[in-house]
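The structure under discussion appears below in the form of structure tokens.
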Amino acid sequence: MRTHIEFKQIGVIASKEFWDRIRNRWVLAVAVIFTVFALVIAYFGAAQQGTVGFRGMDVTIASLVSLVIYLVPLIALILGYDAIVGERERGSLELLLSMPITHFELLMGKFVGLAGALAFSTLAGFGLAGVLLSYQLGPTALYHYVGFMLSAILLGMAFLSIAVMVSVMASDRMRASGMAIGLWFFYVLVYDLLLLGILVLSQKRFSLSFFPVLLYLNPADIFRILNVFGFEEVRKLYGLATVLPATLASPWLLGSAMVMWIVAPLGIAVWRFK
């Protein structure tokens, strides 16, 4: 068995996965969804305060963060949950592995291709919305908007990595889809409720110095902090200033944590797949 890695093989598989998503119009559909939702939320994001229309970039990004946290992880999990288990059920996995390709090359090719499709749709969708918003908000606001798009791509890749890990571990597509949806509920809906419960139950009982670290255990929370901590008004709205010290809100530290969320599940998937 070949032990060295051939990146050409990874590129071939990644290209097939990417163009498969292009041909079935998946990328186009996701891009359109992102564009429409981004424009609608940017315009009506302050409706609860009795106003509508395009406002400052801080308010716009704060509104879009909620959209991304719900939508991007779900799309990433749906995109990747059957990457390996689907091939196994169709009987094509053994055929692929009988060719001159290693387990690592197959898995990485799948991930890179799916990540490319997800990143392309995210950039196309939010990028078009950013171009349209720039006429209302001014070109200087695009700096923060570009950072928002890049962090959204990292968030999608983190959950795609989790989805690939699930796909390797699950015995069939039904279990893989159930695990993917369960993880989405946990990280997007349940995790913050658990943290809120810890805050309420622990008032004046013991130190919460470890609490900020718990935020790093959820890629959705890392994404939220990355995009709202830089705006004073939004930071107060989310209450992050009271629970997260500035030293733990460094963009480089948060970005590194998000990269670890991409690497760690993928590393487990590679180990398990072998």
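Observations, loosely collected:
- Qualifying position, being buried (at least 16 other Cβ atoms within 10 Å of the Cβ), among the hydroxyl-bearing types (S, T, Y) and under 30 Å from E94 (Cα atoms), among S171, S121, S161, S151: S161
- Figure legend. Inter-residue proximity from the stretch 69-81: first residues of a type in the set (S, T, Y), second residues surrounded by fewer than 24 Cβ atoms within 10 Å (Cβ to Cβ) and part of a helix (DSSP H, G or I), beta-carbon distance below 7 Å, spacing 6+ or different chains. Indicated pairs: Y70/V188; Y81/S177.
- Where helices (runs of 4 or more DSSP H) sit wholly within the stretch 59-149, those with at least 2 residues that are of a type in the set (K, R) occupy 85-90.
- Every residue from the stretch 226-272 that is buried (at least 16 other Cβ atoms within 10 Å of the Cβ), of a type in the set (A, V, I, L, M, F, W, C) and at pLDDT below 90: L226, V228, F229, F231, V234, L240, L244, L248, A249, L254
The values are calculated or read from the model by the stated rules, or taken from the named source; none is laboratory data. Every value quoted in this text rests on a predicted model; they were computed, and no experiment measured them. A quick note on method: Cβ atoms are made from the backbone with ideal geometry, for glycine too, and the neighbour counts reach across all protein chains shown.
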